[in-house]
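Novice: Here it is, the structure, as structure tokens.
Read the figures in this text as sums done on the coordinates, not as results from a lab. Here the structure is a predicted model, which is why all the values come from computation and not from measurement. When we count neighbours, we look across all protein chains shown, and the Cβ atoms used for this are built from the backbone with ideal geometry, even at glycine.
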Amino acid sequence: MTGKVIAVVQQKGGSGKTTLAVNMAVAAARRGLKVALLDTDPQGSLGRWFMTRRERLGEAGLEFSTSSAWGVSYECEKLKRDVDLVIVDTPPKVDADLRPALREADLVLVPVASSHVDLWATDGVLDLAAREHKRAWLVLNRTRAGTRLSEDVARAAAELTAGVTEARIANRVVYAETLGLGLGAVEAGQKAARVEVEAFADEVMGLLAD
């Protein structure tokens, strides 16, 4: 069997795409899956995280590759032969360059920070995913439990055509801290972050299996 592909997409910068990709990858690898990260964002944040991880741990425990937007199809086909899961981090834009990643994806994840501006920014992504006959799932990111804004955004998200994952990623300093250390939050000592990442990984693996 060939591996599955997850594309993490959002046209708004700062939505947490790389954080989501990294934490899903680390959680999956810790479950015994062979995982590859594919960075198509010219900013290269995912690559810097990976190199920091190698320097810190000696062995990253993950595969890593880069490609142009139009090289995604070739790179995914190559990686899928050797790994169980390919996670693609894409640039913060919506245009024809995003289509190859969407076409390859078995699952499309769209991180949405707790603001209506981030939610509005999903329109183009969801439209493009629909044109490629891919169902996108919104992931509520940087949420603040119990706040009216977070719940307002959650309700508004539920009214869109995309699915919304039950698992949410809270606004915790540990995500930024571990990213800078080349780690995932599940590798840190904070139980709350570990629990929510594992719940997110459980849900994503379930969606891939459907």
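Novice: Taking amide H positions as placed 1.01 Å from N in the peptide plane, with prolines and chain starts having none, which residues 5 or more places from Phe64, or on another chain, fall under 5 Å of its amide H?
Specialist: Amide H to amide H, under 5 Å and 5 or more residues apart or across chains, Phe64 pairs with Leu37.
Novice: I would also like to ask the following. Once label points are set 7 Å from the Cα along Cα→Cβ at both Ala158 and Ser68, what is their separation, rounded to one decimal in nm?
Specialist: Those two pseudo-labels are separated by 4.5 nm.
Novice: What are the ³J(HN,Hα) values, in whole Hz, obtained from phi via the Karplus relation 6.51 cos²θ - 1.76 cosθ + 1.60 with θ = phi - 60°, for each residue of the stretch 196-202 in sequence order, with x given for Gly and Pro?
Specialist: Couplings: 6, 5, 5, 5, 4, 4, 4 Hz.
Novice: If R₀ is 30 angstrom, what is the calculated FRET efficiency for the pair Val173 and Arg54, using the beta carbon separation as r and rounding to 0.05? List each step's numbers first, then the result.
Specialist: Values: r = 24 Å, r/R0 = 0.80.
For Val173 and Arg54, the calculated efficiency is 0.80.
Novice: Given the -39500 (n - 2.57) contribution per DSSP H run of 4+ residues, what per-residue ellipticity at 222 nm results for the chain, rounded to the nearest 500 deg cm²/dmol?
Specialist: Mean residue ellipticity, 222 nm, calculated: -13500 deg cm²/dmol.
Novice: For labels at Asp106 and Ala199 in the simple 7 Å Cα→Cβ model, what's the distance in nm?
Specialist: Simple spin-label model gives 2.5 nm for this pair.
Novice: Antiparallel as a % of all DSSP beta bridges within the chain, to the nearest 5? Walk me through the numbers before you get to the answer.
Specialist: Details: 0 of 27 bridges.
That works out to approximately 0 percent antiparallel.
Novice: Can you tell me how much longer the chain between Asp210 and Asp95 gets when fully stretched, taken as 0.36 nm per residue apart minus their C-alpha distance, in nm with one decimal? Let's see the in-between values first.
Specialist: Details: separation 115, 0.36 × 115 = 41.40 nm, distance 2.84 nm.
That works out to 38.6 nm of additional length.
Novice: How far is it, in nm, from the label point at Leu181 to the one at Lys34 when both lie 7 Å from their Cα along the line to the Cβ?
Specialist: Output for this residue pair reads 3.0 nm.
Novice: So what are the ³J(HN,Hα) numbers for the stretch 180-190, from phi and the Karplus equation (6.51, -1.76, 1.60; θ = phi - 60°), rounded to whole Hz, Gly and Pro as x?
Specialist: x, 9, x, 10, x, 5, 5, 8, 8, x, 7
Novice: Would you list which aspartates and glutamates come within 15 Å of Lys17, measuring only between C-alpha atoms, while excluding same-chain residues fewer than 8 positions from it?
Specialist: Filter leaves Asp39, Asp41, Asp89, Asp118.
Novice: Of the options Val117, Ser45, Ala145, report the single residue whose Cα projects farthest towards the positive end of the charge dipole of the stretch 1-155 (beta-carbon charges: Lys, Arg +1; Asp, Glu -1).
Specialist: Projecting each Cα onto the dipole axis, the largest value belongs to Ala145.
Novice: Over 25 Å between Cα atoms: which of Lys34/Lys78; Lys12/Lys34; Lys4/Lys134; Lys12/Lys134; Lys34/Lys93; Lys4/Lys93 fall into that group?
Specialist: On the way: Lys34/Lys78 14 Å; Lys12/Lys34 30 Å; Lys4/Lys134 14 Å; Lys12/Lys134 20 Å; Lys34/Lys93 29 Å; Lys4/Lys93 23 Å.
Long pairs (Cα-Cα over 25 Å): Lys12/Lys34; Lys34/Lys93.
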